[in-house]
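Sharing a structure here in structure tokens format.
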């Protein structure tokens, strides 16, 4: 007779209450839902040779990513001791929450993994709604900092899904007020007119900056990195899983840093297209497009669900954000042909 077994009694309550992060692959002709680059970041001959692949596959990767770390440190004019790599920014968020614990403060809406990881690790999450302009509600944020004393504060600027940068003076007020660690997640910084907060690291020991190669054409590599004071890097490194960055990712990422001019040209192409896409959306009656400093645009429309389904029937995949910000859709900036097709189909749908 089969033994009765109740798995639910073994699963931690906080994990049972979680909803898995959904990153579904939906067949489509034009993929504009995931904030990826529409361009290959480097020509094939700049990546690596077949011989390199054969040499890499049978050995474990460099556990410290030494060559990649050296190249990135030179590029950013930092010490290698201030850098830690992760398998995407998600892994680094996980390590920071594991190392420091909670409470964990973040504005909403924003990148969902701040909240998901906090809950998965049984740490108290403190979400604070943005104000009416998608900026930080500084009065409320400071009140939570005073009363709850969060150990970690995550600020994504430019923010996903709103696309805007938070006001620099409000960010500075949070950094100066908090007794905990303030993490500036600058995943979309390459597309922004803001210079970012990296130059302030030397003056603020509680500041951490996170960046990634995912948005600039290397999404499949899963290469994220955090930049912080050496003593914090040392502590977070204690919980880092061994060999967390594979050899192929290290090798290609290294070529990306060496060929910065080519990568930067791709970024400029995306920001040029962002301007044209914004103008195209703004010209359509019934749509409100929000200015963006990222590689996507959030826009408001009467029936997001109907519009998303109509676009998908014609092979165009975008992100329905109605459950996060009422009446909105997020569209990634594609290449000129993709953007033109998207605008053309969207116009036809709304005319109907």
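The values are calculated or read from the model by the stated rules, or taken from the named source; none is laboratory data. Note that the structure is predicted; figures quoted are calculated from it, not measured. Here Cβ is always computed from backbone atoms with ideal geometry, including for glycine, and neighbour counts include all displayed protein chains.
Suppose we filter segment 271-312 for residues that are outside any helix (DSSP H, G or I) and either touching a residue at least 40 places away in the same chain (Cβ under 8 Å) or out of contact with any strand residue (DSSP E or B) (no Cβ under 6 Å at 6 or more places or on another chain) (or both); how many remain?
17
Any idea which residue in segment 60-76 is surrounded by the most Cβ atoms within 10 Å (Cβ to Cβ), counting only those that are within 23 Å of the chain's Cα centre (by Cα) and farther than 18 Å from residue 238 by Cα?
Restricting to residues being within 23 Å of the chain's Cα centre (by Cα) and farther than 18 Å from residue 238 by Cα, the top hit is 68.
Moving to a separate point now. Would you confirm, using the coordinates I've provided, whether residue 169 is assigned to a helix (DSSP H, G or I) and surrounded by fewer than 17 Cβ atoms within 10 Å (Cβ to Cβ)?
The answer is yes for residue 169.
Can I ask one more? Return yes when residue 80 is at pLDDT 95 or above and not assigned by TED's automatic domain parsing to the domain that holds residue 201 and no when it is not.
no
A further question on this structure: Which pairs do you get when a residue that is touching a residue at least 40 places away in the same chain (Cβ under 8 Å), found in segment 15-27, comes within reach of a residue that is part of a loop (DSSP other than H, G, I, E, B), reach meaning Cβ atoms under 7 angstrom, with the pair 6+ apart or on two chains?
21/112
Residue 12 versus (1) touching a residue at least 40 places away in the same chain (Cβ under 8 Å); (2) closer than 30 Å to residue 297 by Cα: which is the lone unmet condition?
(2)
Taking segment 244-270 on its own, how many of its residues are touching a helix residue (DSSP H, G or I) at 6+ places or on another chain (Cβ under 6 Å) and in a loop (DSSP other than H, G, I, E, B)?
Residues flagged as touching a helix residue (DSSP H, G or I) at 6+ places or on another chain (Cβ under 6 Å) and in a loop (DSSP other than H, G, I, E, B) within segment 244-270 amount to 1.
Quick one: which of 209, 236, 223, 301 is more than 21 Å from the chain's Cα centre (by Cα), buried (at least 17 other Cβ atoms within 10 Å of the Cβ), modelled with pLDDT of 95 or more and on the phi < 0 side of the Ramachandran plot?
Going through 209, 236, 223, 301 in turn, just one is more than 21 Å from the chain's Cα centre (by Cα), buried (at least 17 other Cβ atoms within 10 Å of the Cβ), modelled with pLDDT of 95 or more and on the phi < 0 side of the Ramachandran plot: 301.
Please enumerate the residues belonging to segment 322-352 that are assigned to a loop (DSSP other than H, G, I, E, B) and surrounded by fewer than 22 Cβ atoms within 10 Å (Cβ to Cβ).
Across segment 322-352, the qualifying residues are 322, 323, 324, 325, 326, 327, 335, 352.
Still on this structure, I have one more. Given the criteria buried (at least 22 other Cβ atoms within 10 Å of the Cβ), more than 28 Å from residue 200 (Cβ to Cβ) and in contact with a helix residue (DSSP H, G or I) (Cβ under 9 Å, 6 or more places away or on another chain), does residue 241 qualify?
No.
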